[in-house]
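For reference, the structure is listed below as structure tokens.
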Amino acid sequence: MTLAAWARGRETALVCVIFALVVAVLTVWLALDRRPPEWDHANHLERAVVCADDLARGDRRAILERSSFYPPLVLCAAGLAYRLAPSDVAAAQSVILAFLGLGVGAVYLLARRFVGAAEGVVAALVFTTAPFVVFSSLRFQLDLPLAAMVALLLVVLLRTETFEHRGWSVAAGLVLGLGLLTKPPFVAYVLAPLVLVAARIRSRRALANLALAALIGGALGLPWYGPRLLGLVPEIASRSFRQAAESGHPEPLTGAALTLYPRWFPTQFGLVGVLLFILGLGVAARRRHWLLVASVLPAFVLFELLQNKNLRYTLPLLPVAAVLAGVGFGALPTRVRDGVRVLLVVAGLVQVSATAFGVPHVSVPVLDVPFVVETPPVRADWRQREILALLARDSRGLPATVSVVPNDNLFSASNFRYYALRDGLRLKVGRAWEGEPVGIEYMILKSGDQGPSWTAERPRRIAERLAHDPHLARVFPVIGEFPLPDGSTATVRARRADAGPPVRSAAMARAVERAIRARLGEVARDVVGLEIRLTYDDAILRGRIARVELRAARATVGDLTRRNAALARVRDLQIGVDDLLVNPFSAYADGRLNPLDAGRVRIERATIIAADFNEFLRQLKGFKHASVTFEPGALVLAAARPGLDVTARVRLVPARDRPFAVAFERVRVGGVPLPGSLVDWVVRGYDPSLGLASRLPVRLEVGRVEITPDALRVAAGP
């Protein structure tokens, strides 16, 4: 063995020791921690369990269709591990730690390629002990795997020798495809270095290899991205700006927004790492290591311009930042390096300990940010499983709908939903109800903190209503209370419809009819010829009505409680509500209609003329520049999109799992006929039936739809 090979082997062993020591600390933390998974962490764990079931059935289609925004690679890898070893933490965290190892190895190889093995060890140390890397290693999120895939692609990209090497070009295509299946923003981190390398191509062979890599990457990503082709970009834009504004993020290009990432960089990366990174960035620019510079700056500028900011979004830049820290270390005078090595080891130990266990507790006073994002183990029990066990007993194992009102990170619908799925309970868990608790059989509430400020208003409103509305509290009595670790109390309420006011059935029927008329203004205006018919027996005294039938000659309908709601003018309208349950106490005492549930709501008859339908369509999100032409049996949709007009013939057909299904025919994109196998990819965003059933609290049906050149009619019958 040569001296160089021995030294390289020693450096590789050091990297493995660093990784093993950090994993040992993380494993201790995972063994101690008992916190419920938070928000996205819980959602991803839920998806992993679902994917485990999909894998067991071999249902490839379900795997590809489960999520509109998160690809399946990491989630289904955790699902596969879950099938081998079902556990709340072991399966998912084993996948995260595997990606951490992949990222550490890629960082070492990158730094070794640019400066040397010793600098590679420094880069690996800086990355592995970076506070936010440690923090992210303790949660089942997609950003650390994304960081690893970004670093891996850069390693493979260098091995292609500007795409002159066929084998490594194929590998680059595979990594590109797998990176796309990790998380959609992968493109933002790798586009600039890919363009830089492609610009250096000087031969037809290399150009062919680049095309081959792109073809392989596209083929891997297409099955998931294809059906979301038109909807993904608007969703990313919405998350980046509209949802960020709703969450209280500062306006883009303001001082507060532009300084957020720079101020928090020491917290994210470590103080010593930041200093070496700054030095390394200057050295890389001087030495013309443009691949490293292009792998950091363009993506950083992009995320600076977005309103939605989170340290998770710049985590995939940390592998290259660590490599640049290694470059900076290599530029130091030889006599200084030993001292910096000791400083890096000490800083790494402090960062890992402070992040994982909150010791020592320090801050960065000049920047007014914490030294690290502390996440000491939580040993206390937040009682989710105990509460769910109560609901399972009370519901006698039958299907039931549960509303988790608070949105606290450790006590929210997300972690309740995950635990219910994990434990095989027949409970449908949702968030805080809005308006009326329609279809809700159980409520879980919490005193004290309700979660982030932008979501706390609804839980507080529900708590106030239960406190001041004795009729609602009466039909949702408390069946359990549980003290929580933060000093608050969880309250469980169950719907009880076994009593009512001591009055005659006819009197209750008149009260219910008056209450219906009083609330019609929330969903209809300009009503002409209104008729309300009730079919009932003595069960109406408990709020149960066999059938309510509403008829009108004309009406303008829509959610009039919402600002700028879409409204439709309808003629000859008839709606039937079967097995309606209302709050009998509020209906009789206050003349107020408080619906609680319904077996079925059916639109039995309605007519919308063509002009009114087009006016309604243009009020819907995404259809502002769309129009519809009526012809016998179908609608011809024309939707204008920037540079890509879509036309299609649309039929409304019956469906069992939703009010109706939409069948698309003769689809054209930019005037070009679309093959039948690609139709679903384009029209998915135009089909309102896909998400309608999941959003409705009760079952909605639509009668037979008839389309003529002048109107759309719903007629009685199947």
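Some notes on this structure:
- Test: residue in the stretch 1-24 that is surrounded by 15 or more Cβ atoms within 10 Å (Cβ to Cβ), touching a Pro at 6+ places or on another chain (Cβ under 9 Å) and part of a helix (DSSP H, G or I): no
- Top-ranked residue of the stretch 166-217 - restricted to ones that are over 23 Å from the mean Cα position of the chain (by Cα) and within 21 Å of residue 74 (Cα to Cα), ranked as surrounded by the fewest Cβ atoms within 10 Å (Cβ to Cβ): 174
- In the stretch 325-338, the condition of being closer than 25 Å to residue 143 by Cβ and of a type in the set (S, T, N, Q) is met by no residue.
- Just one of the listed residues (555, 509, 539, 546) is without any contact (Cβ under 8 Å) to a residue 40 or more places away in the chain, part of a strand (DSSP E or B) and out of contact with any Lys or Arg (no Cβ under 8 Å at 6 or more places or on another chain), namely 546.
- Strands (runs of 3 or more DSSP E) contained entirely in the stretch 598-667, each with at least 1 residues that are closer than 30 Å to residue 436 by Cβ, in contact with a Phe, Trp or Tyr (Cβ under 9 Å, 6 or more places away or on another chain) and not β-branched (Val, Ile, Thr): 646-653
- Of all residues assigned to the stretch 105-112, none qualifies as being of a type in the set (Ser, Thr, Tyr), without any contact (Cβ under 8 Å) to a residue 24 or more places away in the chain and surrounded by 17 or more Cβ atoms within 10 Å (Cβ to Cβ).
- Scanning the stretch 580-598 for residues being surrounded by fewer than 16 Cβ atoms within 10 Å (Cβ to Cβ) and at pLDDT 95 or above gives a total of 0.
- In the stretch 225-256, of all residues being among the basic types (Lys, Arg) and closer than 19 Å to residue 188 by Cα, the one that is surrounded by the fewest Cβ atoms within 10 Å (Cβ to Cβ) corresponds to 239.
- Residues being modelled with pLDDT under 70 and in contact with a strand residue (DSSP E or B) (Cβ under 9 Å, 6 or more places away or on another chain) - total across the stretch 645-677: 0
This table checks each residue for (1) modelled with pLDDT under 95; (2) surrounded by 15 or more Cβ atoms within 10 Å (Cβ to Cβ); (3) in a helix (DSSP H, G or I).
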residue	(1), (2), (3)
327	no, yes, yes
338	yes, no, yes
348	no, yes, yes
352	no, yes, yes
359	yes, no, no
373	yes, yes, no
378	yes, no, no
386	no, no, yes
391	no, yes, yes
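- The criterion of at least 1 residues that are surrounded by fewer than 17 Cβ atoms within 10 Å (Cβ to Cβ) and assigned by TED's automatic domain parsing to the domain that holds residue 539 is met by none of the strands (runs of 3 or more DSSP E) falling completely within the stretch 417-498.
- Pair list, Cβ < 8 Å and 6+ apart or interchain, from the stretch 572-593 residues that are closer than 18 Å to residue 506 by Cβ to residues that are surrounded by fewer than 22 Cβ atoms within 10 Å (Cβ to Cβ) and among the basic types (Lys, Arg): 580/544; 580/547; 584/542; 585/474; 591/514; 593/519
- Within the stretch 150-190, being among the polar types (S, T, N, Q) and assigned to a loop (DSSP other than H, G, I, E, B) holds for 160, 162, 182.
- Residue 79 vs. criteria closer than 22 Å to residue 316 by Cβ, among the small types (Gly, Ala, Ser) and assigned to a helix (DSSP H, G or I): no
The values are calculated or read from the model by the stated rules, or taken from the named source; none is laboratory data. Note that the structure is a prediction, hence the values are computed from the model and not measured. All Cβ positions, glycine included, derive from the backbone under ideal geometry; neighbour counts span all protein chains shown.
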